[in-house]
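*Asks:* Here it is, the structure in full.
Every number here is computed from the coordinates shown, using simple stated rules; none is lab data. Being a predicted model, the structure only gives us computed values, none of them experimental. Quick reminder, even Gly has a Cβ in these numbers, built from the backbone with ideal geometry, and neighbours come from all protein chains shown.
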Amino acid sequence: MRYGGLRPRTVGRRRTGNHVISLLLVDDHPVVRNGLRGMFESVPGFTVLAEASNGVEAVALAAELDPDVILMDLRMPGGSGLEAIAELQRRGARAKVLVLTTWDTDTDTVPAIEAGATGYLLKDAPPEELFLGVREAAAGRAVLSPAVASRLVSAVQSPAPSPLAAREREVLALVAKGTSNREIARELFISEATVKTHLSHIFTKLDVNDRAAAVAKGYQQGILGA
């Protein structure tokens, strides 16, 4: 799949202030994109910069518009969401990718998060859950719908012994709840620098690059419990 060189027609407006979260909507169904646009534009604090119908367009528009959050479907003709997420990671894109799809199978969820998605929500999520998920993703926090989290847990048949120390498991459990580094430090009575050190060790031991992937791997390996 070749990326780059595309300049699809953009719609919407750029962010009007730092408090406004800018979005790129990526889905191959126009009706879905229109519905999402109407939903987000009806709520203060969000602005939709553009829409894309496949992963290739998404990568090109992300480079052009630099959105805060990309709402990404996975299975699209002309360029899948998974390929786009990996390409965005390769390019070092600033945007956080929040997968929004109907697919919650193990073959979809884990690869998407391991590729670099900040979170994973299902299209039947209520609007408030979606709004909160976008805000959390924009803040760099891991987002997993309860259904996806439960599926990741149930997929663990025989969890291996945890590679994490007890304190690292505590930190990971708080990360899974969307807790910030500052809040983790306060909760565990440690410094933020120590929290960052624990996170670095967690990423290394789980062979992941970010918080969302660490949470996904934690569920997959049974570290976060059933």
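*Asks:* So for the stretch 21-152, what are the equivalent ellipsoid semi-axes in whole Å, largest first, each being the square root of 5 times an eigenvalue of the Cα gyration tensor?
*Replies:* Sorted largest first and rounded, they come to 18, 18, 14 Å.
*Asks:* For the stretch 193-206, take each phi angle, set θ = phi - 60°, evaluate the Karplus expression 6.51 cos²θ - 1.76 cosθ + 1.60, and give the result in whole Hz per residue in order, putting x for glycine and proline.
*Replies:* Those phi angles translate into 4, 5, 4, 4, 5, 4, 4, 4, 5, 4, 4, 5, 5, 8 Hz.
*Asks:* With θ set to phi - 60° and the Karplus curve 6.51 cos²θ - 1.76 cosθ + 1.60, what are the ³J(HN,Hα) couplings of the stretch 40-53 in order, to the nearest whole Hz, using x for Gly and Pro?
*Replies:* 6, 6, 8, 10, x, x, 10, 9, 8, 7, 6, 10, 9, 9
*Asks:* Checking a compactness column here: for the stretch 158-220, what do you get for Rg(Cα) / (2.2 N^0.38 Å), N being the number of residues?
*Replies:* 1.03
*Asks:* So for I21, I223, fewest C-beta neighbours within 10 Å to most, what's the order?
*Replies:* Sorted ascending by nearby Cβ count, the order is I21, I223.
*Asks:* Which whole-Hz couplings ³J(HN,Hα) result when phi for each residue of the stretch 80-86 is put into the Karplus expression 6.51 cos²θ - 1.76 cosθ + 1.60, θ = phi - 60°, listed in order with x for Gly and Pro?
*Replies:* Whole-Hz 3J(HN,Hα) from phi for the stretch 80-86: 6, x, 4, 4, 5, 4, 4.
*Asks:* If neighbour count is taken as other Cβ atoms inside 10 Å, put S22, S162, S80, S200 in order from fewest to most.
*Replies:* Least to most surrounded, the residues fall as S200, S162, S80, S22.
*Asks:* Let me ask something additional. In the stretch 174-226, what trypsin sites (Lys or Arg not before Pro) fall in a loop by DSSP, with at most 14 other Cβ atoms inside 10 Å?
*Replies:* Here the trypsin sites (Lys or Arg not before Pro) that fit, given the DSSP loop and packing criteria, are K177.
*Asks:* Taking amide H positions as placed 1.01 Å from N in the peptide plane, with prolines and chain starts having none, which residues 5 or more places from V143, or on another chain, fall under 5 Å of its amide H?
*Replies:* G119, Y120
*Asks:* Also, quick follow-up: Around F46, which amide H atoms from residues at least 5 apart in sequence, or from another chain, sit under 5 Å from its own amide H, with H modelled in the peptide plane?
*Replies:* Amide H neighbours of F46, under 5 Å, 5+ apart: I21.
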